[in-house]
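Derivation of every value follows stated rules applied to the coordinates shown; laboratory data play no part. Keep in mind the model is a prediction, meaning the values are calculated, not measured. Cβ placement follows ideal geometry from the backbone for every residue including glycine, while neighbour counts extend to all protein chains displayed.
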């Protein structure tokens, strides 16, 4: 009983930390000023010529359509994009032998997988709205990628081997050109032009590029935070009761 009480308290703590993460995202979006591309340029023109590039570090949010002067080509799908991840996993089965307390030996077949290749790439791009476009540096951003490829190429397992390769799974996610995105970040000097990137002053400040709108993100984060707080309270209460009962009876 004590064990289950501690386990539920640990789950409650995890739910609480996750709920606080959702709450932090809500606060970050609520305090950020919403700028158009033109307003970002106007801010840059007011600050940088007089105070210098290091003085510019304004938290903001923008929305628009992705475009790029030089795009990436996703390696599996060939889609033009500004970011992608590619993962190749080997799926295999192997014989697992175990011995019980009576010395009896049994052999079972376990199916497993391992990542054999994992690469990702990002490039700077622009977000265009009705007033113009603004440069985005996606390094260290939380990206909301879309799945562009998922396939499994089967292999012919070799009989008699303890470990047998079943095949390879290829997965690819990307952020394609033309995607409508919401960006929460920091306006900085991008070497002669305004650029939205991770905050150089506060590394804890959220930097995200999402395919969902601000309203959709706010609704989802609010709902998730409420559910996680309720789950933390309920599991924490039950865990505390079980822990106390276990200690009293023990």
Estimated inter-spin distance, residue 13 and residue 201, nm [label 7 Å along Cα→Cβ]
3.5 nm
Inter-part distance where the range 132-190 and the range 45-75 are each reduced to a Cα centre, Å:
23 Å
Residues 134, 123 in order from fewest to most other beta-carbon atoms within 10 Å are 123, 134
Over 14 Å, how big is the tail of the calculated P(r) for the range 150-204, in percent of all Cα pairs?
75 percent
For the range 97-123, list residues with backbone N below 19 Å from a point placed 7 Å from the Cα of residue 162 toward its Cβ?
97-100, 104-114
At R0 = 22 Å, FRET efficiency that the Cβ-Cβ distance of residue 180 and residue 33 yields, to 0.05:
0.60
Considering all alpha-carbon pairs of the range 81-144, what whole percent are spaced by more than 16 angstrom?
69 percent
Inter-label distance, nm, simple model (7 Å from Cα along the C-beta direction), residue 249/residue 93:
4.3 nm
At residue 147 and residue 71, where each label point lies 7 Å from the Cα along Cα→Cβ, what is the point-to-point distance in nanometres?
2.2 nm
Ranked by Cβ crowding within 10 angstrom, fewest neighbours first, how are 66, 59 ordered?
59, 66
